[in-house]
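Engineer: This is the structure I want to talk about, given as structure tokens.
The values are calculated or read from the model by the stated rules, or taken from the named source; none is laboratory data. Every value quoted in this text rests on a predicted model; they were computed, and no experiment measured them. Cβ sites come from the backbone with ideal geometry, for glycine too, and all protein chains shown count toward neighbours. For accessibility, only protein heavy atoms count, side chains too; no ligands or nucleic acids. Shrake-Rupley method; radii C 1.70, N 1.55, O 1.52, S 1.80 Å.
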Amino acid sequence: MKPVKKELLPAIAEKFQFEGQYVGILPYGSGHINDTFSVFFQLEEQTRRYILQRINTNVFRKPVELMENVVGVTRYLHSAIAAAGGDPYRETLNLIPTRDGAYYYVDGDGGYWRSYYFIENTVTLQQTRTQEEFYDTARAFGRFQLLLANYPASTLHETIPLFHDTPNRILQFKESLAADVKGRAAGVKEEIAFVFGQEEYTRLLVDMQTRGELPLRVTHNDTKLNNVLVDSETGKGVCVIDLDTVMPGLSLYDFGDSIRFGASTAAEDEQDLSKVHFDLGLFEAYTKGFLEVAGKVLTNEEIRRLPDGAKMMTLECGIRFLADYLAGDTYFKISRESHNLDRARTQFRLVEEMDRQWDVMAKIVGQYCK
């Protein structure tokens, strides 16, 4: 994608149904995929903010289908939240149409733009600081599952095909290993052996879904801590954001990705593995919060398999990091030569600790079953 031409931003902003007089525009947030800006408009004595965003079409190659997903899900959430007596303009994202009535605008360079109402007095957290914060995040993602339980998941487009098909990630890993374009395989024999040792396990959830043992649901597929807006005063989770990867999937994917990211004692790219541990206290806090809300709609088998969701998503991410390292770092951004290898090693360490503590994880889940 071409860099955003800043001088054209005011004209792009004018394409949307913003209220008031245009004041200015600034880059917003720390996301690495889309180009995001906050737009300021003056409305009488009040300055109002909006989010203006260009979709990264290198990552999301079918932006029209992506926007159909976002429109459908946000409208559904708006109605469900209003029916439950909540604030639908604070508890879900709300798109602002263009002046032509569409929900995206295509600029002269083929860039796809959209806009949301800005949700004031909220922040995002980059790392789990307390069990209570992780618990509140779990409730937010649990409510996302609860509110969308009756949404026809099969009508959604796959914005990234086979995104959480772990056996397919194994195939991609094997391709990277066979090519070994940077000659790195010889130096990571232990990590390669670890992946092959888990190969049979990677089929578990996909096969269960194929057999109808796990239902297809609307899933977020990127349930990191920083994809929940948190109330600045109360610290409670307010709104789930970043809906580009919403598509059909398993509830275990969303639960598992949250655990992978949030229940580790160290950063995803920590080089000192002695600092990397799977925190059972954080696992319990998240499990409790998630099941208090989503447990009302999940099946008994989904609940029983929550530990598998945590392990599978952590393992899958580690496989992706290692495959990218072998392929020459073509997908994930790096700041050092071993960056993706370091990331893979942290994930594999977490998987090892999950395996050792599996019975405790299962017992924790059992405590919070419906």
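Engineer: Taking the dipole about the Cα centre of the stretch 168-270, with the C-beta of Lys and Arg at +1 and of Asp and Glu at -1, give me whichever of C239, V181, T265 is farthest to the positive side.
Structural biologist: Value computed over the given set: V181.
Engineer: Turning to a different aspect of this structure: Which percent of the accessible area of the stretch 1-112 is formed by carbon and sulfur heavy atoms (probe 1.4 angstrom)?
Structural biologist: Result for the stretch 1-112: 49 percent of the exposed heavy-atom area is carbon or sulfur.
Engineer: Gain in length, E120 to A11, computed as 0.36 nm per residue apart minus the alpha-carbon separation, to one decimal in nm?
Structural biologist: Going from the current span to full extension adds 36.8 nm.
Engineer: Here is a follow-up. Give me the distance in nm between label points sitting 7 Å out from Cα along the Cα-to-Cβ direction at L216 and N300, one decimal.
Structural biologist: Result for the modelled spin labels: 2.6 nm.
Engineer: Only four residue types carry charge here, +1 at the Cβ of Lys and Arg and -1 at the Cβ of Asp and Glu. Report the dipole size of the stretch 1-118 about the Cα centre in Debye, rounded to the nearest 20.
Structural biologist: It works out to roughly 320 debye.
Engineer: Which lysines, if any, have their Cα less than 16 Å from the Cα of K296, not counting same-chain residues under 8 positions apart?
Structural biologist: The reachable lysines, counting only those whose Cα sits under 16 Å from K296, are K288, K370.
Engineer: Suppose the chain between D355 and I334 were pulled fully straight at 0.36 nm per residue; how much longer would it get relative to their current alpha carbon spacing?
Structural biologist: 4.7 nm
Engineer: Using a 1.4 angstrom probe on heavy atoms only, work out the carbon and sulfur share of the accessible area of the stretch 212-334 in %.
Structural biologist: That fraction is 48 percent.
Engineer: Right, next: With +1 on each Lys and Arg Cβ and -1 on each Asp and Glu Cβ, how big is the dipole of the chain about its Cα centre, in debye rounded to the nearest 20?
Structural biologist: Rounded to the nearest 20 debye, it is 280 debye.
Engineer: Considering only protein heavy atoms, what is the solvent-accessible area of I33 at a probe of 1.4 Å, reported in Å² to the nearest 10?
Structural biologist: Its heavy atoms expose roughly 80 Å² to the probe.
Engineer: Once the other residues with Cβ under 15 Å from the Cβ of I55 are scored (Lys, Arg +1; Asp, Glu -1), what is the net sum?
Structural biologist: -2
Engineer: OK, next. Might you report the magnitude of the Cβ-based charge dipole of the stretch 107-205 about its Cα centre, with Lys and Arg at +1 and Asp and Glu at -1, to the nearest 20 debye?
Structural biologist: With only Lys, Arg, Asp and Glu charged at Cβ, the dipole is about 140 debye.
Engineer: Please enumerate, by chain and number, the lysines with C-alpha under 28 Å from the C-alpha of K182, excluding those fewer than 8 residues away in the same chain.
Structural biologist: Counting by Cα, and skipping residues close in sequence, K182 has these lysines nearby: K174, K333.
Engineer: Next question. State, to one decimal in nm, how far the label point of Y103 lies from the label point of E190, with both points 7 Å from Cα in the Cβ direction.
Structural biologist: 4.9 nm
Engineer: Further question on the same structure: What FRET efficiency comes out for N58 versus Q367 if R0 is 51 angstrom and r is the Cβ-Cβ distance? Round to the nearest 0.05.
Structural biologist: 0.70
Engineer: So with the 1.4 Å probe, I'd like the accessible area per residue for the stretch 287-370, rounded to whole Å².
Structural biologist: Accessible area per residue, the stretch 287-370: 40 Å².
Engineer: Per residue, how much accessible area does the stretch 1-139 show when a 1.4 Å probe rolls over the protein heavy atoms, in square angstrom?
Structural biologist: Per-residue value: 55 Å².
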